[in-house]
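Submitted below is the structure of interest, expressed as structure tokens.
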Amino acid sequence: MVVTYEVTVYTGDATHSSCFHDVFITLCGEHGDSEENKLSSTFPYFHIDSVNCDKPLGRVCLIILRKEHHVWWPNTKWFLAKVEVKSPLGEIYQFPIYRWINDCEDHYFPEGSGCICCCFSNFFDIFSGSLRWAEGDKGLPSHLKDESLPLDANFSYTKEAEMAFTAVEQWRILAKIFSVFSDYVHDHWKEDSFFGYQFLNGLNPMVIQRCQTLPDNFPVTDKMVFKDGKQSLKEEMKNGNIFLCDYKMLDGVKANIIDGKQQYLVAPLVLLHRTPDDKLMPVAIQLKQTPGKDNPIFLPSDSEWDWLLAKTFVKNADFNLHELSVHLLRTHLLAEVFSVALLRNLPMMHPLYKLLVPHTRYTEMINFMARKYLISEEGFASSGGEGMFTILQRALSSVTYRSLCLPDDLSDRGLMDVPNFFYRDDGLKLWSIINSFVQRVLTFYYKSDKMVKEDQTLKMWISDIHAHGFNNNIKHMPSKMETVDELVKFVTMVIFTCSAQHSAINTGQYDFIGWMPNTPVSLERPPPSRKGNATEATLLDTFPAINTTVQGMAAVWLLSKRSSDSVYLGNYPEQRFVEDTPLQEIKRFKEQLKKLSQAINERNKHLDLPYTYLDPKVVENSVSL
């Protein structure tokens, strides 16, 4: 008796993904295994073949694939998308794979309807054997060991070519780079209202907090900020109208030396007041943490150049804290920890793997490039070199689990009712949509808290994050999952960090930094120690040298340049889920994101400066830039 199974092999549509070698397949079922069968030696987008067995196999649980090289054909890699097996009774078993194969080893792939309670340890095919942690420099989070970077983590040919072209073009068309900065930023950078606006909706909305009590080291008085005597700081703080930006993390940081010239970096305190027309206006700036005669408190009533110079030092401090703490650490480095731990510990058919792997795309590769080219001892900003690592170490010690969860973070900073706070408005809606999607998908698989507690691969993932990723440095980060709700919140945080949060603090870099006076990457004169001496020439001499400016602009130009193969939030081009419920939830997720995008676009029509950075249609799935 001969039983025939129909096998359809799908090759990915990426460049150079076809296979020109002999491929062998073995079907493994509940009632036995087939012999190893040779399939066609060439695979276009898809290929249908037959596998004959001497008896029915029952449910096909596993396939074993092996590629064999032709002696006359050099070894080439093959991107295997998925395999479908159709039984004689018409039952279809799906094996989503989406992986490069470039060796002649046996590769084991379980059937796609992954069950939490199944034991995958006998034959799941993940990267755990090849992926290795590398200890982070000077106490920073661990990262993927560079030599263990898997083929699947590499850029596509499209992205690699476009990044190389952009890197070359940014120097060839320097004049163009200088001409495409934001007109709005160019026209309004000196204005106090725009200075205040950027703490809410600029590159770094992560520092500002509602102020209920003035810090002891910031001796601002009523006479300084309310000269008409009609208001008081105590009353305005009670009314929730006073806000503080404190850059104490930068205090004492050793500033960089660029081309033999000392650079300068301060740790300012900024006090802001919400006016009756709902503008956020700066009312006091102290450039260093320790008050004293040589550390005056600058006020809007000071001379134009004193006040503008003080704001310039604040913007430079904000740039350095943003790039290292908010951008590099809290998105890039955290995303890599989540990603490497995921790839090391979760089977391909595990629902958490399927849900999260789209949010790991290119992260290891972009961080590998960042470590090689940007995170260097020299650097191009005020905090390059030793100072950079000091800031990163302090930033890591300040991260808490609540600060990574947007609703908790905004609540803790007292920002839930601040008007015209579009980062909050759009971010909370995105968080809610992601959270609902994650909840509906995970509860399809995890029917009870007990299933969460007993999921051994989940325990391994969380343990790896702690032991090798953060070295237990992040306060209150869950070390284990006890309930479905805890898991849903954690996974929501991971997806939000890798997608929405990175978009919010990365996408607008050239918009706000492209016009250098608005956000200078470095400063070449020390902060003023008294008032009344600043002039326009003082400000110009304080700005970074032209080569430093160009390097900074080139870097943010590259970081703001999207690839044509970008994959945006809600899109799952690799169909890893095979059950109807998660597939329907993905459709629902996309519909909700589309409605949010429409609402954001409608609101932006009425804004002088549209806030677009959390529009789902520009939010990439992963940290890929």
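Only residues that are in a loop (DSSP other than H, G, I, E, B) and buried (at least 23 other Cβ atoms within 10 Å of the Cβ): list them for the range 254-282, please.
N256, Q263, L265, V266, P268
Test L415 against the stated conditions and say whether it is among the hydrophobic types (A, V, I, L, M, F, W, C), assigned to a loop (DSSP other than H, G, I, E, B), out of contact with any Gly (no Cβ under 6 Å at 6 or more places or on another chain) and closer than 20 Å to R330 by Cβ.
So L415 passes the test.
Would the range 524-542 turn up any residue that is under 30 Å from V623 (Cβ atoms) and not polar (S, T, N, Q)?
No: zero hits.
Another question about this same structure. S411 fails exactly one of the following numbered conditions: (1) open to solvent by 10 Å² or more (accessible area, probe 1.4 Å); (2) under 30 Å from L583 (Cβ atoms). What is the number of that condition?
Going through (1) open to solvent by 10 Å² or more (accessible area, probe 1.4 Å); (2) under 30 Å from L583 (Cβ atoms) one by one, S411 breaks only (2).
Same structure, new question: Among the residues of the range 604-619, count how many are within 15 Å of I433 (Cβ to Cβ) and either in contact (Cβ under 8 Å) with a residue 60 or more places away in the chain or surrounded by fewer than 14 Cβ atoms within 10 Å (Cβ to Cβ) (or both).
Result for the range 604-619: 4.
Of all residues in the range 378-394, how many are modelled with pLDDT of 90 or more and open to solvent by 50 Å² or more (accessible area, probe 1.4 Å)?
Qualifying residue count for the region: 2.
Restricting the search to the range 197-222, which residues are part of a loop (DSSP other than H, G, I, E, B), farther than 23 Å from T400 by Cα and not hydroxyl-bearing (S, T, Y)?
Within the range 197-222, L214, D216, N217, F218, P219, V220 meet the criteria.
Going by the conditions given, is D426 modelled with pLDDT of 95 or more and either closer than 27 Å to I375 by Cβ or open to solvent by 20 Å² or more (accessible area, probe 1.4 Å) (or both)?
no
Only one residue in I495, I546, I586 is of a type outside the set (F, W, Y) and either in contact with a Lys or Arg (Cβ under 7 Å, 6 or more places away or on another chain) or open to solvent by less than 10 Å² (accessible area, probe 1.4 Å) (or both), so which one is that?
Criteria check complete, one pass: I495.
With the structure loaded, tell me whether G570 is open to solvent by less than 30 Å² (accessible area, probe 1.4 Å), in a loop (DSSP other than H, G, I, E, B) and not aliphatic (A, V, I, L, M) or whether it fails that test.
Yes, satisfied.
Right, here's the next one. Which residues, taken from the range 11-30, are open to solvent by 10 Å² or more (accessible area, probe 1.4 Å) and either of a type in the set (A, V, I, L, M, F, W, C) or at pLDDT 90 or above (or both)?
The answer is A14, F20, F24, T26, C28, G29, E30.
Follow-up question, since we're still on this one. Kindly establish whether L214 is buried (at least 22 other Cβ atoms within 10 Å of the Cβ) and of a type outside the set (G, A, S).
Spelling it out, it is not the case that L214 is buried (at least 22 other Cβ atoms within 10 Å of the Cβ) and of a type outside the set (G, A, S).
Out of I375, I366, which single residue is on the phi < 0 side of the Ramachandran plot, under 18 Å from the mean Cα position of the chain (by Cα), touching a residue at least 12 places away in the same chain (Cβ under 8 Å) and not in a helix (DSSP H, G or I)?
Going through I375, I366 in turn, just one is on the phi < 0 side of the Ramachandran plot, under 18 Å from the mean Cα position of the chain (by Cα), touching a residue at least 12 places away in the same chain (Cβ under 8 Å) and not in a helix (DSSP H, G or I): I375.
Separate question: Going by the conditions given, is N601 of a type outside the set (D, E, K, R), out of contact with any His (no Cβ under 6 Å at 6 or more places or on another chain), open to solvent by 60 Å² or more (accessible area, probe 1.4 Å) and outside any loop (DSSP other than H, G, I, E, B)?
No: the conditions fail for N601.
Kindly indicate whether any position in the range 430-445 is assigned to a helix (DSSP H, G or I), over 30 Å from Q598 (Cβ atoms), open to solvent by less than 60 Å² (accessible area, probe 1.4 Å) and in contact (Cβ under 8 Å) with a residue 60 or more places away in the chain.
yes
Every residue in the range 189-212 that is of a type in the set (F, W, Y), in contact with a helix residue (DSSP H, G or I) (Cβ under 6 Å, 6 or more places away or on another chain) and touching a residue at least 40 places away in the same chain (Cβ under 8 Å), please.
W189, F195, listed by residue number.
Go through (1) over 27 Å from L607 (Cβ atoms); (2) of a type in the set (K, R); (3) surrounded by fewer than 22 Cβ atoms within 10 Å (Cβ to Cβ) for R361 and report which single condition fails.
For R361, the failing item is (3).
Further question: Just to be sure, is R530 open to solvent by 20 Å² or more (accessible area, probe 1.4 Å), out of contact with any Ser or Thr (no Cβ under 6 Å at 6 or more places or on another chain), farther than 26 Å from L287 by Cβ and among the basic types (K, R)?
In short, no.
Mind checking whether some residue in the range 305-318 is assigned to a loop (DSSP other than H, G, I, E, B) and acidic (D, E)?
no
The values are calculated or read from the model by the stated rules, or taken from the named source; none is laboratory data. As the structure is a computational prediction, the values presented were derived from the model and not from experiment. Backbone-built Cβ (ideal geometry, glycine too); neighbour counts: all protein chains shown. Heads up: the accessible areas ignore ligands, DNA and RNA and are worked out on the full protein's heavy atoms, side chains in. Shrake-Rupley method; radii C 1.70, N 1.55, O 1.52, S 1.80 Å.
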